[in-house]
Amino acid sequence: MPDPIISIRGLSKTYAGGFQALKTVDLDIERGEIFALLGPNGAGKTTLIGIVCGLVRMTAGSVVADGHDILKDFRAARAKIGLVPQEISTDSFETVWDTVKFSRGLFGKPPNPAHLEKVLKDLSLWDKKSEKIQALSGGMKRRVLIAKALSHEPTILFLDEPTAGVDVELRRDMWEMVRGLRANGVTIILTTHYIEEAEEMADRIGVISRGELILVEDKAVLMRKLGKKQLTLHLQEPLAHVPAGLEDYQLELAADGADLVYSFDAQAESTGIAELLKRLTERGVDFKDLRTQESSLEDIFVSLVQGARA
């Protein structure tokens, strides 16, 4: 990787009670990418973000953000980072404009009304700029959090579960906004429970489980490597068991014997489908319909986490 914007080495975190939230994490984030960090609750996603953003103290390791060590050069590193937390916690009595302006000032940035106007317009908040935050809907409050995070012109933006509890329409809007930020040169790191969010948005995906980064991969490569295709045959007559002589195909019966399911590697030189259909015909197994289906990222994620727990 020629120019990682974030470089994490040997990062670990053990809390006072002895709980090890992170175990020797090494990770590089590429400049200008959208990186999705997937993991179940308690996997260590928020701890990892908290350390990089200076909110949680690491036990061991190092983090460099856009050229600045987060311990030795904390202020410069933090100025490069915007964080949109999971929880909506904004001063209810302030106006949208005042809270975003205040956030910019916290980082020692000189006033720049034109930048703040652009941020609010990009987030469809400009017509709400004079409204008090307490009067806004939950979705609008979340947009305000993003505006605050962008107020000081960070090069890195962390989105911690950005669409948790957000309706589908707003989720789509936010995905569009994230793409726009990336097009403007901002590197995005998002944690999410929504598998489709990672599948839709990310260039690369990291999977974390029990404090360990168990995989980091380009999304397309991950889908190709671990994705299986399934061929489902809808049979003319239900079967009580898989016909003899077909054990090497690892076939499964579904829908009370009405469907015969064959999983295969879509990237293999030979899928074996033609031979399977021939053998079924020889055994008098007729089917009225067939369809193929690809593994979703969710299937891959579940199998990875289960593997890590085994």
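The values are calculated or read from the model by the stated rules, or taken from the named source; none is laboratory data. All figures in this text were calculated on a predicted structure; none of them were measured in a lab. So basically every Cβ, Gly included, is an ideal-geometry build from the backbone, and we count neighbours across all protein chains shown.
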query = So, in the range 74-92, of the ones that are of a type outside the set (A, V, I, L, M, F, W, C) and surrounded by 14 or more Cβ atoms within 10 Å (Cβ to Cβ), which residue ends up nearest to Arg31 (Cα to Cα)?
reply = Lys80
query = Quick check: anything in the range 85-105 outside any loop (DSSP other than H, G, I, E, B), within 26 Å of Glu217 (Cβ to Cβ), modelled with pLDDT under 95 and not basic (Lys, Arg)?
reply = no
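Where in the range 1-64 are the strands (runs of 3 or more DSSP E), entirely inside, with at least 2 residues that are of a type in the set (Val, Ile, Thr)?
Numbers: elements: 4-14, 20-30, 34-38.
In the range 1-64, 4-14, 20-30 are the strands (runs of 3 or more DSSP E) which contain 2 or more residues that are of a type in the set (Val, Ile, Thr).
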ask   = Taking the range 244-257 as the search range and keeping residues that are under 16 Å from Ile273 (Cβ atoms) and surrounded by fewer than 16 Cβ atoms within 10 Å (Cβ to Cβ), which one is farthest from the chain's Cα centre (by Cα)?
value = Asp248
request  = State which residue pairs qualify: first residue more than 13 Å from Trp126 (Cα to Cα) and crowded, with 19+ Cβ neighbours inside 10 Å and inside the range 93-111, second residue of a type in the set (Val, Ile, Thr) and at pLDDT below 95 in any location, beta carbons under 8 Å apart, and separation of 6 or more residues or different chains.
outcome  = Thr99/Thr90; Thr99/Ile133; Thr99/Val144
task = Evaluate the following for Ala79: is it within 23 Å of the chain's Cα centre (by Cα) and touching a residue at least 60 places away in the same chain (Cβ under 8 Å)?
result = no
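When residues of the range 130-157 are filtered for being part of a helix (DSSP H, G or I) and of a type outside the set (A, V, I, L, M, F, W, C), how many remain?
So the first thing to find is which residues in the range 130-157 are part of a helix (DSSP H, G or I), and the list is 133-135, 138-150.
From what is left, the residues that are of a type outside the set (A, V, I, L, M, F, W, C) are 134, 138-139, 141-143, 148.
The qualifying residues number 7.
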request  = Any chance you could count how many residues in the range 175-216 are closer than 12 Å to Ile34 by Cα, surrounded by fewer than 23 Cβ atoms within 10 Å (Cβ to Cβ) and at pLDDT below 85?
outcome  = 3
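Yes/no matrix, rows are residues, columns are (1) at pLDDT below 80; (2) touching a strand residue (DSSP E or B) at 6+ places or on another chain (Cβ under 9 Å); (3) among the acidic types (Asp, Glu); (4) surrounded by 15 or more Cβ atoms within 10 Å (Cβ to Cβ):
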| position | (1), (2), (3), (4) |
| --- | --- |
| Asp259 | no, yes, yes, yes |
| Tyr262 | no, yes, no, yes |
| Glu269 | yes, no, yes, no |
| Gln293 | yes, yes, no, no |
| Leu297 | yes, yes, no, yes |
| Val302 | yes, no, no, no |
| Gly307 | yes, yes, no, no |
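Among the listed residues Ala60, Ala21, Ala76, Ala43, which satisfies the condition of being touching a His at 6+ places or on another chain (Cβ under 6 Å), more than 20 Å from Ile146 (Cα to Cα) and not charged (D, E, K, R)?
Ala76
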note = The number of residues in the range 158-174 that are without any contact (Cβ under 8 Å) to a residue 40 or more places away in the chain, crowded, with 19+ Cβ neighbours inside 10 Å and not in a helix (DSSP H, G or I) is 1
